[in-house]
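A quick write-up on the structure given underneath.
FYI, it's all coordinate maths here, none of it is from the lab. The structure displayed is predicted, hence computed values, not measured ones. With ideal geometry, Cβ positions are generated from the backbone for all residues, glycine too; neighbour counts draw on all protein chains shown.
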2 protein chains.
Amino acid sequence: MPVVLVGTEIEGRANFMTVGWASRANANPPMISVGINKKHKTPEGILNNKTFSINIPNAGMAVPTDYCGLVSGSKADKSGVFDTFYGELKGAPMISECPVTMECELVETVELPTNYLFIGEIKGVYADEDCTEKNRPDMKKADAMVLTMTDNRYWRLGEFVDKAWGCGKDYSNKDIYE
Amino acid sequence: MPVVLVGTEIEGRANFMTVGWASRANANPPMISVGINKKHKTPEGILNNKTFSINIPNAGMAVPTDYCGLVSGSKADKSGVFDTFYGELKGAPMISECPVTMECELVETVELPTNYLFIGEIKGVYADEDCTEKNRPDMKKADAMVLTMTDNRYWRLGEFVDKAWGCGKDYSNKDIYE
């Protein structure tokens, strides 16, 4: 899974929580889903503000990123861990140090047994220019991290394997695979 | 995002579709969410059977995996691309060649503008023994692929960065970051 930090505003302060369960959910308009355990502080901010941010840290930020996954916003003030900025939405602080960030408007909240699945529409995307390619965020350039579970390890992207929605054109029949 | 193949049974045949929008959604019981465009054939199978499978291919399977993302089940019979097996659930064929597979029972269907977000409870997990560590699937050993968008590239996992829910204990204050 991609490693992201979810940004919210709780009691007037920026709060960031590291999350491994974020995914695109809808193509058009672009939406993203985030699964967050109900016990955490972040759901309170998202449900109050009806907004949140998604921040993609680079591998050099592993330690402060992991800290935001270890320590709850109810126990520590995490507003000073990173520099923050705002886009157009209230209540969705973003992290200046992150190469790519998004601000989202809450569209739907799915209540599951232990987690909320928050679905947000991406209203704005911000990226460092040197982490883009043709004006789009590039995860290799951004040096984004991948989380594997249940071994709980952060990884860099590795060897390029092939082109998605591309290399499959070389598939003729099952023989290539035997 | 992790590269997975979603397995369904459509008109009595196994069908597999490559998906980049899959994520864990609930901790306990374990659930997974999958965002799939409504135009595809796969939603028909999931909605009829109330089950689906998640199959994690290895990097050596990039070409047939990508083929299953390029060609619709309404245009081609994809039942012969891989060898299939079943677990306990009807309608959820799994791929023998995949190092890790899961069978899921549909719990909730969230209808978004262009996509369904299917939420399934993981009822069984199957893994090649040499792709496990302490009886749990290990994505590095499995040689699972990561998809980056919008550049649409498949990657292997690369350099180990640090321990998740671990390295953050080294965070003292913001100074380490300046």
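Taking amide H as placed 1.01 Å from N in the peptide plane, A:A25 has its amide H under 5 Å from the amide H of A:M31, A:I32, A:S33, each at least 5 places away in sequence or on another chain. Peptide A:96-107 has a mean shielding of 0, counted as Cβ atoms of other protein chains within 10 Å of each residue's Cβ. When A:C68, B:C131 are arranged by Cβ crowding within 10 Å, least crowded first, meaning fewest neighbours, the order is B:C131, A:C68.
With label points set 7 Å from Cα along Cα→Cβ, the inter-copy distances at A:R136 are 3.4 nm, sorted shortest first.
In square nanometres, what is one fourth of the surface area of the convex hull spanned by the alpha carbons of the range B:1-102?
6.2
For B:D138, the residues whose modelled amide H falls within less than 5 Å of its own, excluding neighbours fewer than 5 places apart on the same chain, are B:T132, B:E133. Per-residue Karplus couplings for the range A:66-78, computed as 6.51 cos²θ - 1.76 cosθ + 1.60 with θ equal to phi - 60°, are listed in order as 5, 4, 5, x, 8, 10, 7, x, 7, 10, 9, 7, 9 Hz, Gly and Pro entered as x. With label points defined 7 Å past Cα in the direction of Cβ, position B:E111 shows copy-to-copy spacings of 2.2 nm, given to one decimal and shortest first. Ordered by the count of other Cβ atoms within 10 Å of each Cβ, fewest first, A:I46, B:I119, A:I122 give A:I122, B:I119, A:I46.
Each Lys and Arg adds +1 at its Cβ and each Asp and Glu adds -1 at its Cβ; summed about the Cα centre, the range B:1-158 shows a dipole of about 360 debye.
For B:G166, inter-copy separations between label points set 7 Å beyond Cα along the Cβ vector come to 3.4 nm, shortest first. Here the 3J(HN,Hα) profile of the range A:2-17, calculated from phi with Karplus coefficients 6.51, -1.76 and 1.60 at θ = phi - 60°, is x, 8, 9, 10, 8, x, 9, 10, 10, 6, x, 10, 5, 9, 10, 10 Hz, Gly and Pro shown as x.
Neighbour counts of other Cβ atoms within 10 Å put B:L112, A:L5 in the fewest-to-most order B:L112, A:L5. Among the chymotrypsin sites (Phe, Trp or Tyr not before Pro) within the range A:25-105, which fall in a DSSP loop and have no more than 11 other Cβ atoms within 10 Å of their own Cβ? Sites meeting the loop and neighbour criteria: none at all. In order along the range B:141-149, the Karplus-derived 3J(HN,Hα) couplings, from 6.51 cos²θ - 1.76 cosθ + 1.60 at θ = phi - 60°, round to 5, 6, 6, 5, 9, 10, 10, 9, 10 Hz, and Gly and Pro are given as x.
Taking the inverse of the mean reciprocal distance over all distinct Cα pairs, the Kirkwood hydrodynamic radius of chain A comes to 17.1 Å.
Peptide A:60-69 has a mean of 6 when you count, residue by residue, the C-beta atoms of other protein chains within 10 Å of its C-beta.
Placing a pseudo-label 7 Å from each Cα along the Cα-to-Cβ vector at A:F160 and B:R136 gives an inter-label distance of 3.4 nm. The mean sequence separation of alpha-carbon pairs under 8 Å and at least six residues apart, normalised by the residue count of the range B:1-91, gives a relative contact order of 35 percent.
For the range A:115-157, the square roots a ≥ b ≥ c of the C-alpha gyration tensor eigenvalues yield an a/c of 1.5 or more together with a/b not exceeding b/c, which makes the shape oblate.
Of the GluC sites (Glu not before Pro) found in the range A:22-120, those that fall in a DSSP loop while having at most 14 other beta-carbon atoms within 10 Å are A:E88.
For the range A:87-167, the tally of Lys pairs with Cα-Cα distances below 26 Å comes to 7, considering only residues 8 or more apart or on different chains.
Its DSSP H runs of at least 4 residues, each contributing -39,500 (n - 2.57), put the calculated 222 nm mean residue ellipticity of chain B at -3000 deg cm²/dmol, to the nearest 500.
What trypsin sites (Lys or Arg not before Pro) in the range A:3-39 are in a loop by DSSP, with at most 11 other Cβ atoms within 10 Å of the Cβ? Numbers along the way, then the final one.
Values: sites: A:R13, A:R24, A:K38, A:K39; in loops: A:K38, A:K39.
The qualifying sites are A:K39.
Distant-in-sequence amide contacts of B:K41, defined by a placed amide H-H separation under 5 Å and a gap of 5 or more residues or a different chain, comprise B:G73, B:S74.
Let a ≥ b ≥ c be the square roots of the eigenvalues of the Cα gyration tensor of the protein assembly as shown; is it rounded (a/c under 1.5), or, if not, prolate (a/b larger than b/c) or oblate?
prolate
Positive-end ranking of A:P93, A:V146, A:H40 along the dipole of chain A, with charges on Cβ about the Cα centre, is headed by A:H40.
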